[in-house]
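After the structure tokens below, expect a handful of questions from me.
The values are calculated or read from the model by the stated rules, or taken from the named source; none is laboratory data. In this text, all values refer to a predicted model and were calculated from it rather than measured experimentally. Here the Cβ positions follow ideal geometry from the backbone for every residue, glycine too, while neighbour counts run over all protein chains shown. The area values use the complete protein model at the heavy-atom level, side chains included, leaving out ligands, DNA and RNA. Shrake-Rupley method; radii C 1.70, N 1.55, O 1.52, S 1.80 Å.
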Amino acid sequence: MDSVQKLASGFTLDLGPLKEPLGFIRVLEWVFTIFAFATTGGYSGSSHFTLICNGAETKDVNPVFAYPFRLPKTPYQIPSCNGSKPDDTYLQGDFSSSAEFFVCVGVFGFLYCTATLVLYLGFQHVYRQTSRGPIIDLVVTAAFAFLWLVSSSAWGKGLTDVKWATNPDHLVMNDQCNSTCKPGEFPSMGRLNASVIFGFLNLILWAGNCWFIYKETPFHKDPNPPATMEEEGAPGP
């Protein structure tokens, strides 16, 4: 309880850091991180093709898929032209690892941005009191930049595979459909395309922010410190 009171008493709101690259870029990271995992998590879509019976009658088939893109999890049925009960059919491919990794990086990045913004704006004196704070911040930010590179690349490849597995042209090649099916509309994936873009934008932001955090550490030294009048000495007669 005492530690909470001490922490609260040390809080001093100062919006000044938001005018500096260190705080401003962190706000951009916070926003783009939300966009990255929000456009991936919670996504649901469907493919579409049409079964043609007796050359005239048509029956729509809409295979559904959703995050985390374990495609065989949700079965769909291709109607039978002769009225018999159709068997369950499944989309092929499990792309959950890359999607969940991408969302996980986004969620943890969001939490870290939130924590550091509180530190920048409310405990700036604590952050700059010792060199430990900026050094830890630099290491963690660099680690997130690397994670954004890996997760965005992996999810970009995973999204390409999801598009192939849910392509109506690919689905009508199913043996149960043969030549009686006609491909329909391609699934709407603009939201997922945006998620990959946001992932690489986060890579640029987090990697670029490393420079501004580096300037707060003792590793960054001014190569030409200004000389004081005392150091220059008194002028000669």
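State all residues of region 169-181 that are of a type in the set (A, V, I, L, M) and either open to solvent by 70 Å² or more (accessible area, probe 1.4 Å) or modelled with pLDDT under 75 (or both); if no residue qualifies, say none. If you could, list the steps in order and put the result at the bottom.
We begin by selecting, within region 169-181, every residue of a type in the set (A, V, I, L, M); these are 171-173.
Met173 - this is the single residue of region 169-181 that is of a type in the set (A, V, I, L, M) and either open to solvent by 70 Å² or more (accessible area, probe 1.4 Å) or modelled with pLDDT under 75 (or both).
Here's something else I'd like to know. Within region 92-111, which residues are surrounded by 20 or more Cβ atoms within 10 Å (Cβ to Cβ) and in a helix (DSSP H, G or I)?
Residues of region 92-111 surrounded by 20 or more Cβ atoms within 10 Å (Cβ to Cβ): 95, 98-99, 102-103, 105-106, 109.
Answer for region 92-111, where residues must be surrounded by 20 or more Cβ atoms within 10 Å (Cβ to Cβ) and in a helix (DSSP H, G or I): Ser98, Ala99, Phe102, Val103, Val105, Gly106, Gly109.
In region 41-79, how many residues are open to solvent by 20 Å² or more (accessible area, probe 1.4 Å) and of a type in the set (A, V, I, L, M, F, W, C)?
Matching residues across region 41-79 total 4.
Take region 25-50 and flag every residue that is out of contact with any helix residue (DSSP H, G or I) (no Cβ under 6 Å at 6 or more places or on another chain) and part of a strand (DSSP E or B).
Those that are out of contact with any helix residue (DSSP H, G or I) (no Cβ under 6 Å at 6 or more places or on another chain) and part of a strand (DSSP E or B): Ser44, Gly45, Ser46, Thr50.
Matching residues to (1) open to solvent by 10 Å² or more (accessible area, probe 1.4 Å); (2) free of Cβ contacts under 8 Å to residues at least 12 places away in the same chain; (3) touching a Ser or Thr at 6+ places or on another chain (Cβ under 7 Å):
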| position | (1), (2), (3) |
| --- | --- |
| Ser131 | yes, no, yes |
| Ile135 | yes, no, yes |
| Leu138 | yes, no, yes |
| Trp148 | no, no, no |
| Ser152 | no, no, no |
| Asn167 | yes, no, no |
| Pro183 | yes, no, no |
| Phe186 | yes, no, no |
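Quick one: is Pro134 over 25 Å from Ser47 (Cα atoms) and at pLDDT below 85?
No, not satisfied.
Return only the number of the condition from (1) hydrophobic (A, V, I, L, M, F, W, C); (2) open to solvent by 40 Å² or more (accessible area, probe 1.4 Å); (3) within 23 Å of the chain's Cα centre (by Cα) that Val126 does not satisfy.
Every listed condition holds for Val126 apart from (3).
Quick one: which residue in Pro79, Pro68 is part of a loop (DSSP other than H, G, I, E, B) and within 22 Å of the chain's Cα centre (by Cα)?
Pro68
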